Amino acid sequence: MPVVGTVDGPLAEVVTDGVTGRLVPPDLLAGTIRDLLADEELRRAYGAEGARWVRGAYDWTVAALRTVEAYERTRAQHALTHEGATAAGLAA
């Protein structure tokens, strides 16, 4: 399903203009919807790309891997901070 939203709305975080849908100023919203309704090929292209993006962005495996990566970065940063404090004689 193609998406049409405004450039200053919440959809701007998940829609890539011209790729997964359209992001336009509020005063162009109705005209953009009308244009998209008249172009089946473009609707299908936006819908397919949007579905592909959602599957990649919200896949549980991808989310789990990103969480593990975040934990590993945090652990590595903590270790570096702790090593520096130990070397300076500040840690217990």
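The values are calculated or read from the model by the stated rules, or taken from the named source; none is laboratory data. This one's a predicted model, so the numbers in the text were calculated from it and none came from an experiment. We place every Cβ from the backbone using ideal geometry, glycine too, and count neighbours over all the protein chains shown.
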*asked:* Looking at (1) modelled with pLDDT of 95 or more; (2) among the polar types (S, T, N, Q); (3) under 16 Å from the mean Cα position of the chain (by Cα), which one does THR32 not meet, given that it meets all the others?
replied: (3)
*asked:* Considering only residues that are of a type in the set (D, E, K, R) and touching a Leu at 6+ places or on another chain (Cβ under 6 Å), which ones fall in the stretch 1-24?
replied: ASP17
_Which count do you get for residues in the stretch 3-32 that are among the polar types (S, T, N, Q) and either assigned to a helix (DSSP H, G or I) or not assigned by TED's automatic domain parsing to the domain that holds ARG43 (or both)?_
1
